[in-house]
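This report concerns only the one structure given below.
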Amino acid sequence: MASRTRLTEQVRHLDASAVFAGLEESPELLAHRDDRGRNWLHLTCSINAAEKHIDETRAVTLARGLLERGLPIDAPAFTEGDWHATPLWYAVGRGRNLPLVRYLLDAGSTPEHCLWAASFNDDATMIQALIAGGASLETVVEDETPFFGAVKYSKFVGARALLEAGANPDWVDPKGRTAMHAMLKKGTDPVHFEMFVTRGARSDIPDRDGKTVDAILRRKRDKAWHALADRLDAANA
């Protein structure tokens, strides 16, 4: 007899045949959600197949079958303000399963809500897949864009991928800070500022206290910071 416990274990092993047989035997279990609001599709997408040494395409097979049986592709397990924990978000942030992400995007899943997770994982390939699927670079959630969030948490591989895709380096948060303001406050290594030079970021935007990045850089003792200020100026000339 199928049970929630048995189905949960079968999903965790991405055993599609066993899951489908269990749902055939007990179709009422299709509507099950766990104490975190996750249905079987959310759970499928959260499994990191690579870590378990399981073929990632098994998650695609299971997800496809669950969608065919009526589970919604974009229903969130939970929400926080405007942000939704969709199946795709689980596939990006938890499962880190690129074939599954591409399948869900092709099947019509919204790419929104997911860039923060991909950048937090410093996963440039996943970021590119989401942007190719239509993800907005400038959506603001909890007072930050995906790029600003990546910089905030020092996820510089993700930040660079977002910049290369066209993210705005000059976006200003409600505190009046650009990403470079936030980096300077954190004491970020100068090497990570070079992507702003390449992108032509502005250093003359004042924060809430009237301080520009240029002024902050030129007050530092280390001449390397002064040289960075000069390169930023030249990039905007």
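Given Ala85, Ala63, which one is touching a strand residue (DSSP E or B) at 6+ places or on another chain (Cβ under 8 Å) and aliphatic (A, V, I, L, M)? Let's see the steps before the verdict.
Numbers: Ala63 fails: touching a strand residue (DSSP E or B) at 6+ places or on another chain (Cβ under 8 Å).
It is Ala85.
Just give me the residues in region 78-93 being in a helix (DSSP H, G or I) and either within 11 Å of Ala59 (Cβ to Cβ) or of a type in the set (A, V, I, L, M, F, W, C) (or both), in sequence order.
Going residue by residue through region 78-93, those that are in a helix (DSSP H, G or I) are 87-93.
Scanning region 78-93 gives Pro87, Leu88, Trp89, Tyr90, Ala91, Val92.
Of the set (1) surrounded by fewer than 24 Cβ atoms within 10 Å (Cβ to Cβ); (2) without any contact (Cβ under 8 Å) to a residue 60 or more places away in the chain; (3) over 24 Å from Ile54 (Cβ atoms), all apply to Leu115 but (1). Restricting region 13-59 to residues that are under 19 Å from the mean Cα position of the chain (by Cα), aliphatic (A, V, I, L, M) and in a loop (DSSP other than H, G, I, E, B) leaves a set whose member that is surrounded by the fewest Cβ atoms within 10 Å (Cβ to Cβ) is Ala50. The set of residues in region 60-75 being more than 15 Å from Gly95 (Cα to Cα), not aliphatic (A, V, I, L, M) and not in a loop (DSSP other than H, G, I, E, B) consists of Arg64, Gly65, Glu68. For region 75-84, taking the residues that are modelled with pLDDT of 95 or more and buried (at least 16 other Cβ atoms within 10 Å of the Cβ), the one that is nearest to Leu7 (Cα to Cα) is identified as Ala77. Taking the listed residues Gly133, Gly65, Gly108, the one that is under 27 Å from Gly22 (Cα atoms), touching a Leu at 6+ places or on another chain (Cβ under 9 Å) and either touching a residue at least 24 places away in the same chain (Cβ under 8 Å) or surrounded by 19 or more Cβ atoms within 10 Å (Cβ to Cβ) (or both) is Gly65, with no other qualifying. For Ile205, the conditions (1) surrounded by 15 or more Cβ atoms within 10 Å (Cβ to Cβ); (2) of a type in the set (Val, Ile, Thr); (3) closer than 27 Å to Leu100 by Cβ all hold with the exception of (3).
Within region 145-176, if we keep just the residues that are over 12 Å from the mean Cα position of the chain (by Cα), at pLDDT 95 or above and charged (D, E, K, R), the residue that is surrounded by the most Cβ atoms within 10 Å (Cβ to Cβ) turns out to be Arg160. The set of residues in region 108-133 that are among the acidic types (Asp, Glu) and touching a helix residue (DSSP H, G or I) at 6+ places or on another chain (Cβ under 8 Å) comprises Asp122, Asp123.
The values are calculated or read from the model by the stated rules, or taken from the named source; none is laboratory data. No experiment lies behind these values; they were computed from the predicted model shown. Positions of Cβ are backbone-derived with ideal geometry, glycine not excepted, and every protein chain shown enters the neighbour counts.
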